[in-house]
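Below is one structure, written out as structure tokens; comments come after it.
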Amino acid sequence: AHIEDATGHCEALASRLRETRFEGPDRDFSITCSMGAAGLDLSGDDPSQAFDLALKVADAALYDAKTRGRNRWAGFKRRESDREPFEGSLDVPELIASGALEPIRKPD
């Protein structure tokens, strides 16, 4: 799936999880989750590097979701005009400020 599809996929997964009832020893319960999403482009020369980058971006998105509250999801979309791999450390706030990453989030 593309990162543009994250909204629908994350909402569907979160909804399905909320609707699932679990049996506990004293009572039934349901749970919620926070999620981070990132696009993964395997068409480059190094799929391993692309996967590592996507994992780091998704992890940053997960922390973004968690800092905004419970039962949230967030993702980051790469700027279309900037398809080169990121060099050096992955400073997500800097990449957002520069416009290289665009946040995609569940509305508050």
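Numbers for the structure displayed
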read-out	value
Check on C33, outside any helix (DSSP H, G or I), surrounded by 14 or more Cβ atoms within 10 Å (Cβ to Cβ) and at pLDDT 85 or above	yes
Pair list, Cβ < 9 Å and 6+ apart or interchain, from segment 6-30 residues that are in contact (Cβ under 8 Å) with a residue 12 or more places away in the chain to residues that are open to solvent by 80 Å² or more (accessible area, probe 1.4 Å) and assigned to a helix (DSSP H, G or I)	S30/R18; S30/E19
Residues of segment 51-81 satisfying the condition of being open to solvent by 80 Å² or more (accessible area, probe 1.4 Å) and touching a residue at least 12 places away in the same chain (Cβ under 8 Å)	L55, K56, Y63, K66, R70, R79
Those residues of segment 36-50 which are open to solvent by less than 70 Å² (accessible area, probe 1.4 Å) and small (G, A, S), in sequence order	G36, A37, A38, G39, G44, A50
Enumeration of residues in segment 14-29 that are open to solvent by less than 100 Å² (accessible area, probe 1.4 Å) and touching a strand residue (DSSP E or B) at 6+ places or on another chain (Cβ under 7 Å)	A14, F22, D28, F29
Residue match in segment 86-99 (condition: at pLDDT 85 or above and part of a loop (DSSP other than H, G, I, E, B))	no
Residues being over 19 Å from D5 (Cα atoms) and at pLDDT below 85 - total across segment 57-82	2
Matching residues in segment 2-13 - criterion: being under 16 Å from R78 (Cα atoms), open to solvent by 60 Å² or more (accessible area, probe 1.4 Å) and in a helix (DSSP H, G or I)	E4, D5, T7
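The values are calculated or read from the model by the stated rules, or taken from the named source; none is laboratory data. Computed from a predicted structure; not experimentally measured. Quick reminder, even Gly has a Cβ in these numbers, built from the backbone with ideal geometry, and neighbours come from all protein chains shown. With ligands, DNA and RNA removed, areas are computed over all heavy atoms of the protein, side chains included. Shrake-Rupley method; radii C 1.70, N 1.55, O 1.52, S 1.80 Å.
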